[in-house]
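Colleague: Take this structure first; my questions come after.
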Amino acid sequence: MNKKNVYMDHGATTPVRQEVLEAMLPFFSELYGNPSSLHAKGRDVRKAFEEARRVTAASLGVEPDEIYFTSGGTESNNIALRGAAKKHGSGHIITSSIEHHAVLDVCKDLEKQGFSVTYLPVDKYGLISMEEFESSIKPETFLVSIMAANNEIGTVQPISEIGAIAEKHKILFHTDAVQVVGQMPLNIKELNLDFLSLSAHKFNGPKGVGALYKRKGVKIDPLYHGGGQERKLRPGTENVPGVIGLSKALELAVGELPQKAEELAKLRNRLIEGLVRIDDVVLNGHPEKRLPGNVNVSFKYIEGESVLLSLDLHGIAASSGSACSSGSLDPSHVLSAIGLDHQTAHGSIRFSLGRGNAEEDIDYVLDIIPSIVDRLRQMSPIRKESC
Amino acid sequence: MYNEKVVEHFNNPRNVGELPDADAIGENGSFKCGDTMKIYLKVKDGIIEDVRFQTYGCGAAIASSSMLTEIIKGKTIDEALQVSNQDVADELGGLPPLKLHCSNLAADALHDAIANYKKKQGSVVKD
């Protein structure tokens, strides 16, 4: 079989769509003005910039003045969590043990500053329990941050139930929706969300730009001080081409939902069904409550990086939950939290599907994988009976 | 991330498998938490006549296992004992710094096999 180039790492990043690139290009050349300038060069860009805000808000079903443009998911998370913490001064925060490091490590740092944090455990599918969440709420709890869907195993959390509980107890609710926005339909106004983080490069927009949704009336302290841009919450001259690209990409992605999500889920299921047919391959994450593009499986008795490298030699791009490349032998915190033993966790591979993947890509991967797995298993000293 | 030689050894590893009539077997690593290598030696007149390996691990671990078997085949036991982890990495043209712990595997498993071999020789003499 001829080598193909198959990109299945859309959870890491996605290619910028042609329409998005074209929308951005004028803002690198003739439309170079600073949107804060009073002259025509500035005013023209301000107009386009605010139109991008309007489109972004409309795509999310929120008001334009609830959107703050940032440099991406990490910054949005930091502004929301640290900003809320700074405003409250002290108190208790609830999050989950499988958050992205852009939330988890912020919480750890806030602990050092005197805040107390509960890291909710998850079940074997990666779901938090509503009972455990509600019983962890204390009088001093002011914030809960739970990701909309997990980046590694794709598990989608019951965001609307979390929102209802947060509302009942009058605590702020933040969700890191970086993996969900543009991939699944989302109705922010029905979810009782106070904050939502998103990142453009996960939905075929450019890298280095994202947004924070902050519900009108919710007050947080800014982390930065400067020229007052983004209503003083994120000062600094705007990333105009980036924001134009974000709004275009979001408009296109949301416009294609829910059909696109259904198509992706079909491809995902085809890949999962093919993979679990191989001996000693287990699906990680929830069988149904998962991102439409996420496939995460463990190949027992072999190590994830060697699978990735083999896939790469066949032109297939995927990613691994194995931490071998990070210099530590510990598997990812997510795979540990769902209770995988070290060996199963080390054999985990994530295929994240997206725009541009077709059935033939799935079939190509399914054709290639058995020989890769056989070869590595024959090389491995670990066998079924020794585990 | 890896140079061509490492990828070539990963893709076409030399001396993979078991030796049913091995004179010594060595192991390094832990099944529980990470990379593991098992090495089989066939020794005749103090010379490593044949060698096989099995490795569970990343690309660097498999490539360094393969490289080690090439280095030691035909060497005397004492010469093989001098082969270090660094020698294996050097012979591969270098490994990423974070991966150096993987290459430790191969020479350590070899040294374990040689220790087992010497133990066995000692007990044979005593008998």
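The values are calculated or read from the model by the stated rules, or taken from the named source; none is laboratory data. All values reported here derive from a predicted model rather than from experimental measurement. Methodologically, a virtual Cβ is constructed for each residue, glycine included, from the backbone with ideal geometry; neighbour enumeration extends over all protein chains shown. Side chains included, ligands, DNA and RNA excluded: accessible areas come from the protein's heavy atoms. Shrake-Rupley method; radii C 1.70, N 1.55, O 1.52, S 1.80 Å.
Colleague: Just to be sure before I move on: is A:Thr118 more than 18 Å from A:Tyr213 (Cα to Cα), more than 21 Å from the chain's Cα centre (by Cα) and modelled with pLDDT of 95 or more in the structure I sent?
Modeller: Yes.
Colleague: For A:Gln259, indicate whether it is more than 29 Å from A:Gly33 (Cα to Cα), touching a strand residue (DSSP E or B) at 6+ places or on another chain (Cβ under 7 Å) and open to solvent by 10 Å² or more (accessible area, probe 1.4 Å).
Modeller: Considered against the rule, which asks whether it is more than 29 Å from A:Gly33 (Cα to Cα), touching a strand residue (DSSP E or B) at 6+ places or on another chain (Cβ under 7 Å) and open to solvent by 10 Å² or more (accessible area, probe 1.4 Å), A:Gln259 comes out as no.
Colleague: Next question, about the same structure. If you check A:Phe203 against the conditions, is it of a type in the set (Phe, Trp, Tyr), open to solvent by 10 Å² or more (accessible area, probe 1.4 Å) and either out of contact with any strand residue (DSSP E or B) (no Cβ under 7 Å at 6 or more places or on another chain) or within 21 Å of A:Ala84 (Cα to Cα) (or both)?
Modeller: Here the answer is no, as A:Phe203 does not meet what is asked.
Colleague: Determine which single condition A:Asp330 fails, assuming it passes every other condition in (1) part of a helix (DSSP H, G or I); (2) within 14 Å of chain B (Cβ to nearest Cβ); (3) of a type outside the set (Ser, Thr, Tyr); (4) open to solvent by 10 Å² or more (accessible area, probe 1.4 Å).
Modeller: The number of the failed condition is (1).
Colleague: Which is crowded, with 18+ Cβ neighbours inside 10 Å and in a loop (DSSP other than H, G, I, E, B), of A:Gly285, A:Gly242?
Modeller: Selected residue: A:Gly285, the only one of A:Gly285, A:Gly242 that is crowded, with 18+ Cβ neighbours inside 10 Å and in a loop (DSSP other than H, G, I, E, B).
Colleague: Take A:Leu376 and tell me if it is under 27 Å from A:Ile98 (Cβ atoms) and modelled with pLDDT of 95 or more.
Modeller: Judged against the criteria, A:Leu376 is not a match.
Colleague: On to the next question. Residue under question is A:Arg350, and the condition is that it be closer than 24 Å to A:Leu120 by Cα and either touching a residue at least 60 places away in the same chain (Cβ under 8 Å) or assigned by TED's automatic domain parsing to the domain that holds A:Lys300 (or both); does it hold?
Modeller: Yes.
Condition check ((1) touching a Leu at 6+ places or on another chain (Cβ under 8 Å); (2) touching a residue at least 40 places away in the same chain (Cβ under 8 Å); (3) assigned by TED's automatic domain parsing to the domain that holds A:Asn294) across all residues:
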site: A:Ala23; (1), (2), (3): no, yes, no
site: A:Phe27; (1), (2), (3): no, yes, no
site: A:Ala40; (1), (2), (3): no, no, no
site: A:Lys47; (1), (2), (3): no, no, no
site: A:Glu66; (1), (2), (3): no, yes, no
site: A:Thr70; (1), (2), (3): yes, yes, no
site: A:Gly83; (1), (2), (3): yes, yes, no
site: A:His88; (1), (2), (3): yes, yes, no
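Colleague: Might you let me know whether segment B:95-103 holds any residue that is open to solvent by 50 Å² or more (accessible area, probe 1.4 Å) and either assigned to a loop (DSSP other than H, G, I, E, B) or under 18 Å from B:Glu27 (Cβ atoms) (or both)?
Modeller: yes
Colleague: Which residues, taken from segment B:7-24, are in contact (Cβ under 8 Å) with a residue 12 or more places away in the chain and within 10 Å of chain A (Cβ to nearest Cβ)?
Modeller: B:Val7, B:Phe10, B:Pro13, B:Val16, B:Gly17, B:Glu18
Colleague: Here are A:Ser160, A:Ser96, A:Ser145, A:Ser76: which of them is hydroxyl-bearing (Ser, Thr, Tyr) and surrounded by fewer than 20 Cβ atoms within 10 Å (Cβ to Cβ)?
Modeller: When all the criteria are applied, what remains is A:Ser160.
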